[in-house]
Number of protein chains: 2
Amino acid sequence: MATVRAMIQNGRVAVAWPDGRRAEFPAIWLRDNCACATCRHPGNGQRLLDTLDIPDDIAPVDLELADSDLHVIWSDMHESRYAGTWLRDHALTPEARNERRSRRTLWGAEIANDLPRGDWAEIRRSPEAERDYLARYGEFGFGLIDNVPAKNGMVVEVGNRFGHVRVTNYGAYFDVRSVPDPTNLAYTAVALGVHTDNPYRDPEPGVQLLHCLESDAPGGESILVDGFRAAEDLRHGDRAAFELLAHRHLSFRFSDRDADLSARTPVIQLDDDGVVAAIHFNNRSAAPLDAPLEEVEPWYRAYRRFARLLRRPENELRLRLAPGQLLMLQNDRALHGREAFDPNLGRRHLQGCYVDKDGIASRLAVLSRDEAAA
Amino acid sequence: MATVRAMIQNGRVAVAWPDGRRAEFPAIWLRDNCACATCRHPGNGQRLLDTLDIPDDIAPVDLELADSDLHVIWSDMHESRYAGTWLRDHALTPEARNERRSRRTLWGAEIANDLPRGDWAEIRRSPEAERDYLARYGEFGFGLIDNVPAKNGMVVEVGNRFGHVRVTNYGAYFDVRSVPDPTNLAYTAVALGVHTDNPYRDPEPGVQLLHCLESDAPGGESILVDGFRAAEDLRHGDRAAFELLAHRHLSFRFSDRDADLSARTPVIQLDDDGVVAAIHFNNRSAAPLDAPLEEVEPWYRAYRRFARLLRRPENELRLRLAPGQLLMLQNDRALHGREAFDPNLGRRHLQGCYVDKDGIASRLAVLSRDEAAA
């Protein structure tokens with residue numbers, strides 16, 4: 001069997017694997033990531049090594065390979081061991097960096113034929129079913145759960161199974177139905193264009209659950225749009241517009257008797273590699289744009305172009321929620337809206353709550369870990 | 001009395017105030033921010049006007065001024081009124097944009113002489129005292145509250161007065177004291193360098209409360225550092241280092257039996273005008289840097305330079321919390337740490353919880369509004 005090879009090159013450690021893959025590891029990076037029991041806490045994995053204590057001129061002085069593990073002796077006399085698979089998984093090549101990105105599939109109206117979907121009883125019974133559901137939710141940014149008992153407050157129970165429900169000035173959950181004197185347009189019967197919820201919060205809600213309790217009013221169909229796909233459409237169609245929406249922050253605001261919330265965020269949020277990380281779009285709560293004068297007209301052209309992309313029928317998933325169905329949305333990706341409904345001819349009652357993203361991602365990670373160990 | 005003047009110039013509305021201030025408002029911006037009852041919901045202030053419904057060639061066709069209010073007749077036949085003070089407050093000039101920034105004062109060790117501070121009984125009794133405390137907290141990014149009854153779970157009561165406590169895998173609150181087999185280094189007696197809490201969460205906690213219940217162990221002094229000031233020091237001393245930490249994201253991770261949390265964020269987070277908006281610094285939970293190879297060594301030089309600035313004695317506020325004192329920290333600005341303590345010679349017991357930023361900012365805004373109306 002061909003083996004891993006390693007050599008010192010210009011102060012870096014160069015590693016080559018049998019399949020031809022190669023990677024270089026800078027000395028400071030490798031030393032800082034030493035996993036020995038004095039550098040990392042064996043129980044919780046936290047770094048005990050103070051990165052500032054590494055000498056400026058740290059350098060590998062000797063390498064040894066045993067069973068694909070790399071053993072490094074450092075100029076500060078420390079010795080480190082790195083598993084070959086760990087090195088491969090953490091390599092800094094474009095190829096390895098790309099492989100570490102979480103899986104994401106952009107979608108349009110055609111996703112109606114194969115919805116990311118789970119069954120509540122099944123999810124509760126089977127860790128595999130729960131993991132599969134959460135993985136699909138993560139890939140597409142939304143999921144539908146069937147057979148969630150249509151009872152009051154049930155949405156909070158679902159939220160707390162996957163993560164932690166966030167309490168806001170709306171409480172732990174809120175009722176979406178037509179009421180007199182609404183403080184929010186959501187609580188009327190009018191149509192709502194697709195939007196992300198509450199961009200006026202800091203932090204913005206990461207995940208929204210919407211549980212259907214009653215639905216016999218004519219109209220009120222739900223509309224979902226993949227904001228990441230619309231953003232990519234904009235990037236390809238008008239790069240300058242895309243970059244303006246990615247750079248300039250827009251303020252959002254909500255104010256009623258008891259609350260006055262505001263936050264600033266770009267409409268299209270990118271990560272450090274230019275990948276779309278989040279969408280913040282809510283025309284109802286957008287505050288006056290606070291930008292240098294010369295940016296205003298170009299920004300509006302960009303914003304209106306993006307808004308038109310979000311409204312293209314081929315980007316829209318339309319579905320009519322039935323009592324007992326629960327929609328789970330990555331709030332900053334899967335924009336949602338609804339058609340108007342007639343509250344005089346029937347009822348439409350949803351209950352919603354917000355859950356932080358990290359708890360849900362953690363649950364998926366733990367379920368996947370258990371799976372791998374099984 | 002000199003009056004406000006307005007004229008149409010190149011499709012924009014130019015306004016001049018008696019004190020010589022001038023501002024231009026682009027037609028699309030002004031039309032989009034019409035505040036009439038058909039464009040904005042009179043009750044909740046949400047925008048009813050669909051920004052896409054504004055014609056591409058929207059233009060002001062006539063202006064009129066009455067009592068400093070600007071009346072605009074638009075090419076789409078719509079009529080709008082804008083209060084002169086509203087226009088002034090929302091002008092897009094550099095001067096007006098700068099005035100809208102929230103007040104912020106950078107600090108170092110000298111702040112020990114004039115701590116932002118409040119008294120719990122006073123805060124509960126007097127809305128002015130509460131507003132003043134929250135305003136000082138907002139300006140400096142931390143505050144100390146005296147006379148908070150040293151009883152179990154009290155920290156949650158304080159958190160829920162100002163905002164909404166966030167429940168995480170640590171529960172609604174957590175105990176910071178030395179325990180056997182800790183899952184986190186915070187739960188030992190070792191010194192902790194200054195850090196922001198839980199950058200491995202998405203969203204990261206915005207505000208942390210730390211309530212002292214017991215404190216007679218030798219050592220255990222608290223250390224606070226203004227991360228915004230250290231970032232400005234870096235910007236002035238080494239602009240390239242500053243920009244690297246502001247651009248490249250670092251991953252953070254925490255993993256124990258029940259949770260596996262990870263998030264990516266820059267160490268120094270800027271807003272769209274280049275102003276420092278947040279610091280994310282936690283050497284214990286920093287995961288291996290995932291960056292293009294050629295950035296790694298420069299990034300480490302920048303990171304270590306920033307870490308040294310955070311450790312300069314003139315940047316450190318040191319204080320010894322007494323039972324009944326509660327420290328409230330803007331987690332992404334006021335870094336905190338502690339000296340080691342001796343758990344064999346006494347006790348040190350803090351209880352902590354996380355609160356979302358928006359609820360606290362909302363409370364300050366509502367208290368300030370009530371004040372203005374009084």
Considering only residues of the stretch B:231-247 that are among the aliphatic types (A, V, I, L, M) and within 14 Å of chain A (Cβ to nearest Cβ), which is farthest from residue B:109 (Cα to Cα)? B:244
Note on residue A:151: of the conditions (1) touching a Lys or Arg at 6+ places or on another chain (Cβ under 9 Å); (2) basic (Lys, Arg); (3) more than 29 Å from residue A:267 (Cβ to Cβ), unmet is (1)
Touching a residue at least 40 places away in the same chain (Cβ under 8 Å) and assigned to a loop (DSSP other than H, G, I, E, B) - does that describe any residue in the stretch A:4-12? yes
Return the only residue of B:194, B:190, B:176 being among the β-branched types (Val, Ile, Thr) and open to solvent by less than 20 Å² (accessible area, probe 1.4 Å). B:176
Taking the criterion of being open to solvent by 20 Å² or more (accessible area, probe 1.4 Å), more than 14 Å from every other protein chain (Cβ to nearest Cβ), at pLDDT below 95 and closer than 22 Å to residue A:312 by Cβ, would at least one residue in the stretch A:206-219 satisfy it? yes
Hey, could you check the stretch B:18-38 for residues that are part of a loop (DSSP other than H, G, I, E, B) and open to solvent by 60 Å² or more (accessible area, probe 1.4 Å) and say which is nearest to the other protein chains (Cβ to nearest Cβ)? B:35
Need pairs with beta-carbon distance below 7 Å; first residue more than 7 Å from chain A (Cβ to nearest Cβ) and within the stretch B:43-64, second in a strand (DSSP E or B) and aromatic (Phe, Trp, Tyr); sequence gap 6+ or separate chains. B:58/B:74; B:60/B:74; B:61/B:74
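For (1) in contact (Cβ under 8 Å) with a residue 12 or more places away in the chain; (2) within 24 Å of residue A:365 (Cβ to Cβ); (3) more than 13 Å from chain B (Cβ to nearest Cβ), each residue gets a yes or a no:
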{"position": "A:152", "(1), (2), (3)": "yes, no, yes"}
{"position": "A:155", "(1), (2), (3)": "yes, yes, yes"}
{"position": "A:170", "(1), (2), (3)": "no, no, no"}
{"position": "A:176", "(1), (2), (3)": "yes, no, yes"}
{"position": "A:180", "(1), (2), (3)": "no, no, no"}
Total residues in the stretch A:296-349, condition open to solvent by 40 Å² or more (accessible area, probe 1.4 Å), more than 28 Å from residue A:151 (Cβ to Cβ) and acidic (Asp, Glu): 2
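To keep it simple, each residue is scored yes or no on (1) closer than 20 Å to residue B:35 by Cβ; (2) at pLDDT 95 or above; (3) among the charged types (D, E, K, R); (4) in contact with a Ser or Thr (Cβ under 9 Å, 6 or more places away or on another chain).
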site: A:244; (1), (2), (3), (4): no, yes, no, no
site: A:258; (1), (2), (3), (4): no, no, yes, yes
site: A:261; (1), (2), (3), (4): yes, yes, no, yes
site: A:265; (1), (2), (3), (4): no, yes, no, yes
site: A:283; (1), (2), (3), (4): yes, yes, no, yes
site: A:295; (1), (2), (3), (4): no, yes, yes, no
How many residues are under 24 Å from residue A:246 (Cα atoms), assigned to a strand (DSSP E or B) and open to solvent by less than 30 Å² (accessible area, probe 1.4 Å) if we restrict to the stretch B:265-286? 6
Please determine, by comparing only the residues of the stretch B:328-368 that are in a strand (DSSP E or B) and within 11 Å of chain A (Cβ to nearest Cβ), which one is farthest from residue B:123 (Cα to Cα). B:354
Qualifying residues in the stretch A:88-111 (those that are more than 10 Å from every other protein chain (Cβ to nearest Cβ) and assigned to a helix (DSSP H, G or I)) - the one nearest to residue A:313 (Cα to Cα): A:109
Suppose we filter the stretch A:292-327 for residues that are within 29 Å of residue B:26 (Cβ to Cβ), touching a strand residue (DSSP E or B) at 6+ places or on another chain (Cβ under 9 Å) and not in a helix (DSSP H, G or I); how many remain? 3
Among the listed residues A:261, A:250, A:289, identify the single one that is facing another protein chain (nearest Cβ under 10 Å) and in a loop (DSSP other than H, G, I, E, B). A:289
For a quick check of your reading of the model, give me the residue pairs whose first member lies in the stretch B:287-300 and is within 14 Å of residue A:272 (Cβ to Cβ) and charged (D, E, K, R), whose second is assigned to a loop (DSSP other than H, G, I, E, B) and open to solvent by 20 Å² or more (accessible area, probe 1.4 Å), with beta-carbon atoms closer than 9 Å and at least 6 apart or on different chains. B:290/A:90; B:290/A:100
Is it the case, given these coordinates, that residue B:278 is among the aliphatic types (A, V, I, L, M), out of contact with any Pro (no Cβ under 6 Å at 6 or more places or on another chain) and facing chain A (nearest Cβ under 9 Å)? no
I'd like the full set of residues that are more than 35 Å from the chain's Cα centre (by Cα) and either β-branched (Val, Ile, Thr) or farther than 17 Å from residue B:83 by Cα (or both), limited to the stretch B:54-73. B:55, B:56, B:57, B:58, B:59, B:61, B:72, B:73
Could you grab me the full set of residues in the stretch B:102-149 that are open to solvent by 60 Å² or more (accessible area, probe 1.4 Å) and either among the hydrophobic types (A, V, I, L, M, F, W, C) or in contact with a Ser or Thr (Cβ under 8 Å, 6 or more places away or on another chain) (or both)? B:106, B:121
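The values are calculated or read from the model by the stated rules, or taken from the named source; none is laboratory data. As the structure is a prediction and not an experimental result, all values here were calculated from the model. Note that each Cβ is placed from the backbone with ideal geometry, even for glycine, and that neighbours are counted across all protein chains shown. The area values use the complete protein model at the heavy-atom level, side chains included, leaving out ligands, DNA and RNA. Shrake-Rupley method; radii C 1.70, N 1.55, O 1.52, S 1.80 Å.
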